[in-house]
Amino acid sequence: MAKKGRENTEEFDDSRQNEQDDIYDIHQAALRERPLPEEGTEIGPWWLYAIILTTFAFGFFYAGFYFGEFNYQPHQLYLTQTESEAEIEQVELTQMELGENIYGRVCSTCHQANGEGVEGAFPTLVDTDYVNGNVSRFAGIIIHGLYGELEINGVSYNGNMPAWGEQISDKEVAAVMTYVRNSFGNNSSDVPIDSVKSYRETFGDRTAQWEVGELNDTFLN
Ligand code: HEC
């Protein structure tokens, strides 16, 4: 339209008018356009807000209902807890109590709760030289284990007792020895931790299990 107008003046004015209208229309159209939304600033759908609100409401309801009372002095609770923990630690088990505990956890599976074992499979611990005799030899059986032919109170065994030296401390070895030596009808002296320590000093480098013959050659009864 504008191009045609340049050819004669009469039409030119008219076309100027048209051109202005065009510009006006174009700008009007441009003004109606909304700016392109920037990424990240769009407003989400209403139901998303509804879900978020419901989730929070449920969360608070749940916490209030099930978490017990909110404590306004949480540090007090902490103090009383550590106090009672300290009290528990102060309760020292006697050697017999600790020994009974270890026996129940470690030895009773095989040698049974009454110490009598299972004939032909696990030898009795009642009235045997290995239990009531040489303390180092007994410590050796627990710490390094034992295998090979063995006769206990007239019954033959050829079993395999695993080593416990890695799992239980010297204190616990001494305690379980003391317990066994004073239970099930046995009545022998308590075992001081130092006896176990001196065994470890001498045989600490050893990794092999004791074979019955080797054990008896190494330790006199
Ligand atoms: C996995 C089974 C098993 C466990 C656990 C076990 N022993 Fe034994 N124990 C045996 C076997 C089997 C023998 C016999 C080994 C052989 O035949 O040479 C034996 C032998 C012995 C002996 C020498 C024989 C005797 O009856 O006097 C003593 C002492 C002994 N065990 C003490 C203990 C003590 C104490 C514990 C716990 C710290 C313990 N054992 C844990 C299986 C076990």
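The values are calculated or read from the model by the stated rules, or taken from the named source; none is laboratory data. As the structure is a computational prediction, the values presented were derived from the model and not from experiment. Cβ coordinates were reconstructed from backbone atoms using ideal geometry, including for glycine residues, and neighbour counts include every protein chain displayed.
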(request) Select from region 38-88 the residues that are at pLDDT below 65 and among the aromatic types (Phe, Trp, Tyr) and list them in ascending order. (result) Phe70, Tyr72, Tyr78
(message) Can you go through Tyr179, Tyr130, Tyr157 and tell me which one is within 35 Å of the chain's Cα centre (by Cα) and either of a type outside the set (Gly, Ala, Ser) or near the ligand (Cβ under 6 Å from one of its atoms) (or both)?
(response) Tyr179
(message) Show me the helices (runs of 4 or more DSSP H) entirely contained within region 121-221 in which 1 or more residues are in contact with a helix residue (DSSP H, G or I) (Cβ under 8 Å, 6 or more places away or on another chain) and among the aromatic types (Phe, Trp, Tyr).
(response) 129-132, 135-144, 170-181, 193-203
(request) Among the candidates Ala174, Ala208, Ala163, single out the residue that is among the hydrophobic types (A, V, I, L, M, F, W, C) and closer than 26 Å to Thr94 by Cβ. (result) Ala174
(request) State whether the residues of region 179-189 include one that is in contact with a strand residue (DSSP E or B) (Cβ under 6 Å, 6 or more places away or on another chain), surrounded by 13 or more Cβ atoms within 10 Å (Cβ to Cβ) and among the hydrophobic types (A, V, I, L, M, F, W, C). (result) no
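Just give me the residues in region 91-120 being polar (S, T, N, Q), assigned to a loop (DSSP other than H, G, I, E, B) and within 11 Å of the ligand (Cβ to nearest atom), in sequence order.
Gln112
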(request) Look through region 146-164, keep the residues that are modelled with pLDDT of 95 or more and among the small types (Gly, Ala, Ser), and return whichever of them is nearest to Asp127 (Cα to Cα). (result) Ser156
(request) Can you tell me which residue within region 196-221, out of those that are under 21 Å from Gly99 (Cβ atoms) and surrounded by 18 or more Cβ atoms within 10 Å (Cβ to Cβ), is nearest to the ligand (Cβ to nearest atom)? (result) Val196
